[in-house]
Amino acid sequence: MTTILLDTVRRYAEAHLDSTSVTTTPIPGLTIIRQTMPTALHYNIDKPLVAIVLQGSKRVIMGKHVFDFGAGESLLITADVPTVSQITSASIGAPYFSLVLDLNPSVLEGLVVEIDANQPTTDTPVRVHTTETEVLDVALRLMKLMERPEALAILQNQLIRELHFWLMMGRHGSAIRSLGTVDSHAQRIARAVALIRTNFTKPLRVDQLAVTAGMSLSSFYEHFRAITSLTPLQFQKQLRLIEARRMMLANGEMISNAAYAVGYESVSQFTREYGRLFGLPPRRDIKTINARTQSAA
């Protein structure tokens, strides 16, 4: 099953190659990651997702937790949490391939209503597990559906729903259910997180976030940190720094321009906080990454 899915994913990705390692698909929330060499550390605040690894291997770090996984395994993230990731095994002859699906709270909500399931757990929001056969089967049918454009619009929604169903019924399904449980703490914090993501360059109004989440200020702080592992201010700060780094790497933006664009008023403060997160000040960090990229090429 995994071999057939890998061949199907490879065929689609190689037919739609561009300058990035991410191949989008016509199915909303479904992407393919293809990488032909091990990568540097990648910093991100991930949204809830499942990544089905088909070839190669990867390492993901969240706080003190380190997850090493490869072909036949899946990474599950059930909250907006900061991660540091690195593809550890990939080559031109055997690229790293993974199929990534953003978890859809609306789909999960409908399933939770219909399924008599156990209560959600509060375990770590990042975990790795062996990919279930049912998940591989639906993923393969989704990929093959993209070869039939006339059927895609009609059938994709039910297959996405089926994929969510099997994920929810799997070994770590209880961790997914809170995303679909109406008015759960996870759903309330997700509303606040969406607001921060949309307005991360603007001054943070924590009282407004608490209202959005429908919580008192103290309760909001407590649950926000429990779910994301960050305070609201730390969450916003990491979004700003990650976006600034992307702008400097992808667009060649000057340090000051990137700092101001993401909402900083002081370049010196930006430089200090950048160094704390990424381990090097901006100029040295960007120079090091560019040099590594050029030598790999």
(message) For segment 176-194, check the following and say yes or no: at least one residue is out of contact with any strand residue (DSSP E or B) (no Cβ under 8 Å at 6 or more places or on another chain), open to solvent by less than 50 Å² (accessible area, probe 1.4 Å) and under 19 Å from L241 (Cβ atoms).
(response) yes
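For segment 236-264, how many residues are under 18 Å from S85 (Cβ atoms) and not aliphatic (A, V, I, L, M)?
4
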(request) Could you please find all residues in segment 274-290 being among the aliphatic types (A, V, I, L, M) and in contact with a Phe, Trp or Tyr (Cβ under 9 Å, 6 or more places away or on another chain)? (result) L277, L280
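Go through segment 14-58 and give me each residue that's of a type in the set (G, A, S) and either modelled with pLDDT of 95 or more or within 19 Å of the chain's Cα centre (by Cα) (or both). Outline the logic, then answer.
First, pick out the residues of segment 14-58 that are of a type in the set (G, A, S): 15, 19, 21, 29, 40, 51, 56-57.
Within segment 14-58, S21, G29, A40, A51, G56, S57 qualify.
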(request) Give the residue, chosen from G93, G70, that is assigned by the TED database to the domain that holds Y12 and in contact with a Ser or Thr (Cβ under 7 Å, 6 or more places away or on another chain). (result) G70
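Would you confirm, using the coordinates I've provided, whether L6 is open to solvent by less than 30 Å² (accessible area, probe 1.4 Å) and modelled with pLDDT of 95 or more? Spell out how you get there, then give the answer.
Details: open to solvent by less than 30 Å² (accessible area, probe 1.4 Å): yes; modelled with pLDDT of 95 or more: yes.
So L6 passes the test.
What do you reckon, is K202 assigned to a helix (DSSP H, G or I) and either assigned by the TED database to the domain that holds I77 or open to solvent by 20 Å² or more (accessible area, probe 1.4 Å) (or both)?
no
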(message) So I196 passes all but one of these: (1) more than 20 Å from I45 (Cβ to Cβ); (2) in contact (Cβ under 8 Å) with a residue 12 or more places away in the chain; (3) in a helix (DSSP H, G or I). Which condition number does it fail?
(response) (1)
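Taking the condition of being of a type in the set (S, T, Y) and either in contact (Cβ under 8 Å) with a residue 12 or more places away in the chain or in contact with a strand residue (DSSP E or B) (Cβ under 7 Å, 6 or more places away or on another chain) (or both), how many residues in segment 222-243 meet it? Steps first, answer last, please.
We begin by selecting, within segment 222-243, every residue of a type in the set (S, T, Y); these are 228-229, 231.
Now restrict to residues that are either in contact (Cβ under 8 Å) with a residue 12 or more places away in the chain or in contact with a strand residue (DSSP E or B) (Cβ under 7 Å, 6 or more places away or on another chain) (or both): 228-229.
The total comes to 2.
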(message) Pull out all pairs, ordered by first then second residue, where Cβ-Cβ is under 7 Å, the residues are six or more apart or on different chains, the first lies in segment 126-141 and is surrounded by fewer than 16 Cβ atoms within 10 Å (Cβ to Cβ), and the second is part of a strand (DSSP E or B).
(response) H129/E73; H129/S74; H129/L76; T130/E73
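Among the candidates I45, I4, I52, single out the residue that is out of contact with any Ser or Thr (no Cβ under 9 Å at 6 or more places or on another chain) and touching a residue at least 60 places away in the same chain (Cβ under 8 Å). Please lay out each step first, then the result.
Values: I45 fails: out of contact with any Ser or Thr (no Cβ under 9 Å at 6 or more places or on another chain); I52 fails: out of contact with any Ser or Thr (no Cβ under 9 Å at 6 or more places or on another chain).
Checking each option against the conditions leaves just I4.
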(request) Please work out which residue is nearest to T198 (Cα to Cα), limiting yourself to segment 230-283 and to residues that are of a type in the set (F, W, Y) and either open to solvent by less than 30 Å² (accessible area, probe 1.4 Å) or modelled with pLDDT under 95 (or both). (result) F235
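Tell me, yes or no, whether segment 54-68 has at least one residue that is closer than 22 Å to V107 by Cα and either buried (at least 20 other Cβ atoms within 10 Å of the Cβ) or among the β-branched types (V, I, T) (or both). Break it down stepwise before answering.
Keep residues of segment 54-68 that are closer than 22 Å to V107 by Cα, which gives none.
No: segment 54-68 contains no residue that is closer than 22 Å to V107 by Cα and either buried (at least 20 other Cβ atoms within 10 Å of the Cβ) or among the β-branched types (V, I, T) (or both).
The values are calculated or read from the model by the stated rules, or taken from the named source; none is laboratory data. Remember, it's a predicted structure, so these values are computed and weren't measured experimentally. Reconstructed Cβ throughout: ideal geometry from the backbone, glycine too, with neighbour counts over all protein chains shown. We work out accessible area using only protein heavy atoms, side chains counted, and drop any ligands, DNA or RNA first. Shrake-Rupley method; radii C 1.70, N 1.55, O 1.52, S 1.80 Å.
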